[in-house]
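Here's the structure we're looking at; comments come further down.
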Amino acid sequence: MSGQHHDEGHTIAGWTGTALGTIGTVVTGLGVVGWRPGLWVGLFLIVAAALATWLLHLAGWGKGPGIRAMDQRPVGARDLSAREGHADCLGCRLAGRGRHSGASHSGLGSGR
């Protein structure tokens with residue numbers, strides 16, 4: 001077994017979003033096969049899953065892309081770096097917190 005461990009989604013935000021999204025999908029399916037309110041309730045739950053996951057991520061209960069340190073791998077570990085934003089994280093960029101890991105653009109517009 002290699003020394004790399006992939007821990008994608010093993011967070012409070014990940015589990016909450018997955019649970020709400022799964023319930024929303026099942027309820028939407030019930031709406032499709034005949035329980036009319038289920039269609040709208042299920043779609044609402046799916047949107048709520050996305051919003052809850054994003055808000056929990058921004059509150060530090062999610063994680064950015066990449067592999068975490070060993071002390072940050074338990075599900076209940078809070079990510080204290082979320083306040084500044086994670087590098088290459090769409091959710092953080094949408095909230096105006098993103099850090100970009102790409103090349104710096106400080107040389108652009110310098111009068112060349």
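The values are calculated or read from the model by the stated rules, or taken from the named source; none is laboratory data. Computed from a prediction, not measured in an experiment: that's the story for all the values here. Here the Cβ is made from the backbone with ideal geometry for all residues, glycine too, and neighbour counts use every protein chain on show. When the accessible area is computed, the model is the full protein with side chains, heavy atoms only, and any ligands, DNA or RNA have been set aside. Shrake-Rupley method; radii C 1.70, N 1.55, O 1.52, S 1.80 Å.
Here are a few things to note about the model shown:
- Among the conditions (1) at pLDDT below 95; (2) open to solvent by 40 Å² or more (accessible area, probe 1.4 Å), the only one that Ala19 does not satisfy is (1).
- The set of residues in segment 59-77 being exposed (fewer than 14 other Cβ atoms within 10 Å of the Cβ) and assigned to a loop (DSSP other than H, G, I, E, B) consists of Pro65, Gly66, Ile67, Ala69, Pro74, Val75, Gly76.
- Each residue in segment 40-58 was checked for being at pLDDT below 95 and either crowded, with 17+ Cβ neighbours inside 10 Å or touching a Lys or Arg at 6+ places or on another chain (Cβ under 8 Å) (or both), and 5 pass.
- Taking the criterion of being open to solvent by 30 Å² or more (accessible area, probe 1.4 Å) and at positive phi, the residues of segment 78-98 that qualify are Asp88, Gly96.
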